[in-house]
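A.B. asks: Please read through the structure below; I'll follow up with questions.
Read-outs: derived from the displayed coordinates by stated rules, not from any lab. Note that this is a predicted model, so its numbers are computed, not measured. Cβ atoms come from the backbone with ideal geometry, glycine included; neighbour counts cover every protein chain shown.
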Amino acid sequence: MQLIFEKSKQGHGSALIPECDVPEIQLPQNLRRTTPLNMPELSELELSRHYTKLMKRTFGVNSGFYPLGSCTMKYNPRINEDMANLNGFKDIHPLQPIETVQGCLAALHETEQALCLITGMDTMTFQPAAGAHGELTGVLLIKAYHEEREDYKRTKIIVPDTAHGTNPASATMAGYTVVNIPSNAKGCVDIDKLREAVGEDTAGLMLTNPNTLGLFEPDILEITRIVHDAGGLNYYDGANLNAIMGITRPGDMGFDVMHINLHKTFSTPHGGGGPGSGPVGCKYFLADYLPRNQVIKLNDEYSFFCPPVTIGCVKAFYGNFLVIIRALTYIKTLGPDGIKQVAENAVLNANYLRHRLSEYYDVAYPGICMHEFVLSLQNLKDKYGVSALDVAKALLDNGIHPPTMYFPLIVHEALMLEPTETESKDAMDEAVAVFVKIYEQITTDPESLHRMPLTTPVRRLDEVGAARNPRLRFCC
Ligand SMILES: *Cc1c(COP(=O)(O)O)cnc(C)c1O
């Protein structure tokens, strides 16, 4: 397929720019472009066909089952888009007079209050643009807290071996040394190992609960207490909040600071679908370190303020505003009971799928799961030579987006499935039928699986090559 720049033909352009209705000014010479702007020129029909073709080649939650574990690929309700498309929200500028955007600030304030209620945090920043960005922000808050107390000996952040790779990465970016602790035989934090790991050098712990195996940490209160007793703070990775919202809260489990992935739990567009948002909530004692542009309400008037010992800005202004509007719409559409039902149904769906698939595939940690679970294909690989990657490719040929693969790292040949609450029983039954069909293919014709996918625009990619030598720009 040709790129839009390759399709471009001079004179085909369809841009219809309205006549200028403000006084024209001449930019100073040094600000003027010296070469013509390289814009593709296509007619409206050519443009429409180009994007329709691209749309057909991609796979989204609107195309089919998308059980990408830990990513919560739920349906994004259309009403979110309608609200984000209101002129009062979209036709604004971050620098316009504050009295003209009171409604927008009210929306930010209301979202903050709702998310604090759901998480048990006291206050929140909307600046971070993703979960990983929120992690860095949160760890910087932890660092600012210790530094203000002149407690410079705390140089380590503890991370369990089931953690998402962004956790150690964020801690390292913030200047900390990462201490990895192994999980116990049940897939949860090993309390004895945690006790051994904490000490005077512990700045904090980063944990997601339920963890990436889909297991709720039974000793969560003891875990956070051990870290607090050692003088450290607890960071909650909110990626798996979908499993517990409306039922229990990180703030009640002993966490001091956390992020929320609005593009996971709160149904805002995910991945290529749009900008993300990773608000960071914290308890009051960390509020003074938050980034700039906090919204405050005084005598029915909203304004921005800068916390006194802020870590600075982690993004311009107040984050991806229209994403926050989508999340607020979702929260208000569901209400408190709906939010709770989301978590209940997410857990129910995951357990249904786990139960059905366990007849054919090994579940890494059997028993009731939360919103996701992990299969291990190690036995199938040993017996038939078919890997988790082969099964993932076979799923593509059957109209299903593969689950998360080879993660968490402690499970061999891992496939991590999260159906989310928005899938119906019928959709999951169809998916089970595909998994059964692939299982039968594994046992009867394993060789055929190495050749898949057969129906996708590209076959097997050199993924290592793409990661190590990325070509990020198009050169003619
Ligand atoms: C998705 C995820 C993250 C990172 O969030 P992004 O929004 O993708 O940056 C962190 N931790 C876990 C467990 C996740 O699943």
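A.B. asks: Would you list 374, 458, 227, 434 from fewest to most Cβ contacts within 10 Å?
C.D. replies: Least crowded to most crowded, the residues run 458, 434, 227, 374.
A.B. asks: Related question: Find, among the chymotrypsin sites (Phe, Trp or Tyr not before Pro) in region 398-476, those assigned to loop by DSSP (not H, G, I, E, B) with at most 15 other beta-carbon atoms within 10 angstrom.
C.D. replies: When the chymotrypsin sites (Phe, Trp or Tyr not before Pro) of region 398-476 are filtered for loop state and at most 15 Cβ neighbours within 10 Å, 406, 474 remain.
A.B. asks: Another question about this same structure. About the Cα centre, and with charges only on the beta carbon of Lys, Arg (+1) and Asp, Glu (-1), how big is the dipole of region 320-412? Nearest 20 debye, please.
C.D. replies: I would put it at about 220 debye.
A.B. asks: Out of 145, 387, 348, whose Cα points farthest toward the positive end of the dipole of the chain (charges: +1 Lys, Arg; -1 Asp, Glu; placed on Cβ)?
C.D. replies: 387
A.B. asks: Which of rounded, prolate or oblate describes region 120-176 when judged by the alpha-carbon gyration tensor and an a/c cut-off of 1.5?
C.D. replies: Oblate.
A.B. asks: Lysines near residue 437 by alpha-carbon distance under 20 Å, same-chain residues fewer than 8 away left out - which ones?
C.D. replies: 381, 383, 393, 425
A.B. asks: For an R0 of 41 angstrom, estimate the FRET efficiency from the Cβ-Cβ distance between residue 96 and residue 427 and round to the nearest 0.05.
C.D. replies: The pair residue 96/residue 427 has a calculated efficiency of 0.35.
A.B. asks: Same structure again: Within straight cross-link reach of residue 315, meaning Cα distance under 24 Å, which lysines are found once same-chain residues fewer than 8 apart are removed?
C.D. replies: Answer for residue 315, where 24 Å is the Cα cut-off: 90, 143, 264, 283, 297, listed by chain and number.
A.B. asks: Is the shape of the chain best called rounded, prolate or oblate, per the rule: a/c under 1.5 gives rounded, else a/b larger than b/c gives prolate, else oblate, with a ≥ b ≥ c the square roots of the Cα gyration tensor eigenvalues?
C.D. replies: The shape class here is oblate.
A.B. asks: Name the residue from 182, 89, 194 whose Cα lies farthest towards the positive end of the charge dipole of region 88-231, charges +1 on Cβ of Lys and Arg and -1 on Cβ of Asp and Glu.
C.D. replies: 182
A.B. asks: For each of 155, 329, 137, 455, count neighbouring Cβ atoms within 10 Å of the residue's Cβ, then give the residues from fewest to most.
C.D. replies: 455, 155, 329, 137
A.B. asks: What are the principal axis extents of the Cα atoms in region 121-273, in Å, biggest first?
C.D. replies: 43, 36, 27
A.B. asks: Given a Förster distance of 22 angstrom, what is the FRET efficiency for residue 219 paired with residue 283, based on the Cβ-Cβ distance and rounded to 0.05?
C.D. replies: Once the sixth-power term is evaluated, E becomes 0.55.
A.B. asks: If you put +1 on each Lys and Arg Cβ and -1 on each Asp and Glu Cβ, how big is the dipole of the chain around its Cα centre, in Debye rounded to 20? Each step should come with its number before you reach the end.
C.D. replies: Values: 42 positive and 55 negative charges, 261 e Å.
That gives a dipole near 1260 debye.
A.B. asks: Kindly identify region 34-112 as rounded, prolate or oblate by the Cα gyration tensor criterion: order the square roots of the eigenvalues as a ≥ b ≥ c, call it rounded if a/c is under 1.5, otherwise compare a/b with b/c, prolate if a/b is larger, else oblate.
C.D. replies: Oblate.
A.B. asks: Round to the nearest 0.05 the FRET efficiency obtained for residue 38 and residue 110 when R0 = 51 Å and r is the Cβ-Cβ distance.
C.D. replies: It comes to 0.75.
A.B. asks: With n ≥ 4 as the cut-off for DSSP H runs, can you work out [θ] at 222 nm for the chain, using -39500 (n - 2.57) per run divided by the number of residues, rounded to the nearest 500?
C.D. replies: Mean residue ellipticity, 222 nm, calculated: -11500 deg cm²/dmol.
A.B. asks: Ok, one more. Treat the count of other C-beta atoms within 10 Å as a stand-in for reagent exposure and order 387, 277, 303 from fewest to most.
C.D. replies: Ranked by crowding around the Cβ, least crowded first: 303, 387, 277.
A.B. asks: Sticking with this one: Simple spin-label model, 7 Å along Cα-to-Cβ: residue 151 to residue 473 in nm?
C.D. replies: Label-label distance for residue 151 and residue 473, simple model: 4.7 nm.
A.B. asks: Would you mind calculating the gained length between residue 184 and residue 14 on full extension (0.36 nm times residue separation, minus the Cα-Cα distance), in nm to one decimal?
C.D. replies: Gain on extension, residue 184 to residue 14, equals 55.0 nm.
A.B. asks: Right, another one. For region 109-171, which trypsin sites (Lys or Arg not before Pro) pass both filters: DSSP loop (anything but H, G, I, E, B) and at most 13 other C-beta atoms within 10 Å? Please list the in-between numbers first.
C.D. replies: On the way: sites: 143, 149, 153, 154, 156; in loops: 149, 153, 154.
Here the trypsin sites (Lys or Arg not before Pro) that fit, given the DSSP loop and packing criteria, are 149, 153.
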